[in-house]
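Here's the structure we're looking at; comments come further down.
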Amino acid sequence: MDNVMKSVTHEFRWSDVLRKGSNAEFTFEYNCDLRRLLPWSGVVDTKRSITEFGVIWVKVQPGTAVDEHFHDEEEAFLVTTGTATLHLEGQQTVLSQGDVVYIPRNWRHQLVNDGTADFTFIDIYWDMGGSGNPHASGHA
């Protein structure tokens, strides 16, 4: 038997698979700018029966502290530019470009950008069951 996958050509519109950066919309949450990349309403549904995940582009302005908080989701931060101090469960370290950090669910965390440039990172989050626990998140 031949187990080689065959290539298939798919018809598509660019507007169905591409969001241009020039159309980026950020919201202000947790005292920083967020662009929620996934889920992508009407295009990519990331809610599954076992887990749900999302991806956020985060910008922390110079001289800004993100609100200390915790939540039911687990997170991984992939730092793209700048430096910031991460406070995690009473300990701290400096993050910079190329660093990756894992934040377990319900761990208190906060980022402080004491620098002169934006601190940016990609936040990937997930929870079990696809629903999270609204009673298990909040601000410190």
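The values are calculated or read from the model by the stated rules, or taken from the named source; none is laboratory data. Note that this is a predicted model, so its numbers are computed, not measured. Glycine gets a Cβ as well: all are built from the backbone with ideal geometry, and neighbour counts include every protein chain shown.
Points to keep in mind about this one:
- Selection from the stretch 95-118 of residues that are of a type outside the set (A, V, I, L, M) and in a strand (DSSP E or B): 96, 102, 109, 110, 113
- Residue match in the stretch 74-94 (condition: assigned to a loop (DSSP other than H, G, I, E, B), in contact with a Ser or Thr (Cβ under 7 Å, 6 or more places away or on another chain), among the small types (Gly, Ala, Ser) and modelled with pLDDT of 95 or more): yes
- Filtering 94, 112, 43, 58 for residues that are over 15 Å from the mean Cα position of the chain (by Cα), closer than 30 Å to residue 13 by Cβ and of a type outside the set (Lys, Arg) leaves a single hit, 43.
- Restricting attention to the stretch 11-35, the residues that are of a type outside the set (Val, Ile, Thr) and modelled with pLDDT under 90 total 14.
Yes or no, residue by residue, for (1) under 23 Å from residue 28 (Cβ atoms); (2) touching a helix residue (DSSP H, G or I) at 6+ places or on another chain (Cβ under 7 Å); (3) among the hydroxyl-bearing types (Ser, Thr, Tyr):
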| site | (1), (2), (3) |
| --- | --- |
| 67 | yes, no, no |
| 72 | yes, yes, no |
| 80 | yes, no, yes |
| 89 | no, no, no |
| 93 | no, no, yes |
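- Scan of the stretch 79-123 for residues that are of a type in the set (Phe, Trp, Tyr) and crowded, with 18+ Cβ neighbours inside 10 Å, ordered by number: 119, 121
Table: residues versus (1) more than 30 Å from residue 117 (Cβ to Cβ); (2) touching an Asp or Glu at 6+ places or on another chain (Cβ under 9 Å); (3) without any contact (Cβ under 8 Å) to a residue 60 or more places away in the chain.
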position	(1), (2), (3)
9	yes, no, yes
12	yes, no, yes
20	no, no, yes
24	no, no, yes
55	no, yes, no
60	no, yes, no
63	no, yes, yes
81	no, yes, yes
91	no, no, yes
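- Residue that is modelled with the lowest pLDDT, among those in the stretch 41-73 that are among the hydrophobic types (A, V, I, L, M, F, W, C) and surrounded by fewer than 15 Cβ atoms within 10 Å (Cβ to Cβ): 50
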